[in-house]
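The values are calculated or read from the model by the stated rules, or taken from the named source; none is laboratory data. Predicted, not measured: the structure shown is a model, and the values here were computed from it. Every residue, glycine among them, receives a Cβ derived from its backbone with ideal geometry; neighbour counts consider all protein chains shown. Accessible surface areas use protein heavy atoms only, side chains included; no ligands, DNA or RNA. Shrake-Rupley method; radii C 1.70, N 1.55, O 1.52, S 1.80 Å.
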Amino acid sequence: MSSLQYPWPDTPQPGTTLEVAPGVRWLSMPLPFQLDHINLWLLEDDGGWTIVDCGIGDQRTRACWDEILKAAGSINRVILTHYHPDHAGNAGWLCERFGVDMWTTQGEYLTAHAVRSSSAGYTSEAVLSVFRKNGLDAERTAVMAKMRGNNRYAELVPDFPHSYRRIIEGDVVRIGGRDWRAIIGHGHAPEHLSLFSEELNTVIAGDMLLSTISTNVSVWSIDPEGDPLRLFLESLARYRELPEDVLVLPSHGKPFRGAHVRVAQLEEHHQSRFSELMKSLEQPKSANDLLPILFRRPLDAHQTFFAMGEAIAHLHYLYYAGKARRAVGADGVMRYARA
């Protein structure tokens, strides 16, 4: 297979579903961001359904769910791929509504609670402190601080279950008479969950393998010296272990076949970024200095927030690989140069 294949040209309208494999239905929910939708999944499950991911917790999304649930009937459980608000926002609401358990990995469960309560270093102030040390100017820092003054995550995830069923690497989750094997990935989220059905030759990939955009991989305040891009690329390579023609169900974009091709494309994308950064590091530069190299378009404050995390992640990758050196200047800003 030399290119991606998209079996379904049209995304289902909000409030409707489309079968993409036996007992697997695709639904799309709106998002109030530039990335304006998320794909969610219903798996037929012994007279009811298992929900995989659930959209942000706002009235518009819940109205879409109401339409879906009229036709779906009973819900047996909710599975989360990871803690991000577009995936976890309605977990508490759905679990309470149907009296069911939420299934996910421990890292995602605990992180959701930490972010909702602004604990364990999950605060905007802590993130902006990391960004300032990597060159973010005072003006944009102030704009971001104002924009993110409240806990935006808690607004989008208004409640969250206080217990869960834990899934770990290699676990087999039995859903509707079919086995789905857990594949845990890192870099985008602490313990991102994907699920592979050998019988259906289908993988619910979450945000780990997207068809048209690259997954956000950032350095955040709780692990300011981390190397998440290395973790992500190592996790991404594992999708080559799946059949070449596996049906990939991503959280954004359309379902596709050609997983091996897409892995290679994403690896090439990041290698290209590394090469461009290395050319720019003849003189010491901060992550903020390098935003125009990595992102060739104007960035608003919301986009800059994520772009800074990605820029730092790319520089950390080069530093830990021995390709770049770094030093803190008299102004307290970390700058990188070619080793």
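With a 1.4 Å probe and every protein chain left in place, work out the accessible area per residue of segment 171-254 in Å², rounded to a whole number. Could you put the intermediate results ahead of the total?
Working: 2890 Å² over 84 residues.
In whole numbers, segment 171-254 has 34 Å² accessible per residue.
Where the accessible area of segment 267-339 is counted over protein heavy atoms with a 1.4 Å probe, how much of it, in %, is carbon and sulfur? The nonpolar share, carbon plus sulfur, comes to 50 percent. Which whole-number percentage describes the relative contact order of the chain, with Cα contacts under 8 Å and a sequence gap of 6 or more? RCO, the chain: 16 percent.
Shape of the chain from its Cα gyration tensor (a ≥ b ≥ c, root eigenvalues): rounded if a/c is under 1.5, otherwise prolate when a/b > b/c, or oblate? Show your work: numbers first, answer last.
On the way: a/c = 2.05, a/b = 1.51, b/c = 1.36.
Prolate.
The candidates 289, 86, arranged from most to least accessible area with a 1.4 Å probe in the full protein assembly, appear as 289, 86. Of the residues 121, 281, 23, the one whose Cα sits farthest towards the positive end of the charge dipole of the chain is 281 (charges of +1 on Lys and Arg Cβ, -1 on Asp and Glu Cβ, taken about the Cα centre). In a reduced charge model with +1 at each Lys and Arg Cβ and -1 at each Asp and Glu Cβ, the chain shows a dipole moment near 920 debye about its Cα centre.
Roughly to the nearest percent, how much of the accessible area of segment 34-94 is carbon and sulfur, given a 1.4 Å probe? Intermediate values should be presented prior to the final figure.
On the way: 910 of 1980 Å².
It is 46 percent, rounded to a whole number.
Using only side-chain charges placed at the Cβ, +1 for Lys and Arg and -1 for Asp and Glu, the dipole size of segment 214-329 relative to its Cα centre rounds to 220 debye.
Look at where the Cα atoms of segment 79-97 and of segment 1-68 average out, and the two centres are 14 Å apart. Each Lys and Arg contributes +1 and each Asp and Glu -1, all at the Cβ; summed about the Cα centre of segment 95-137, the dipole is approximately 120 debye. Taking 7 Å steps out from each Cα toward its Cβ at residue 18 and residue 293 produces label points 4.0 nm apart. Taking 0.36 nm per residue of separation and subtracting the Cα-Cα distance, full extension of the segment from residue 227 to residue 145 would add 27.0 nm.
The alpha carbon gyration tensor of segment 41-103 gives principal lengths a ≥ b ≥ c with a/c of 1.5 or higher and a/b no greater than b/c, which makes the shape oblate. In the elastic network of the chain, a GNM with C-alpha springs shorter than 10 Å, the most mobile of 281, 35, 69 is 35.
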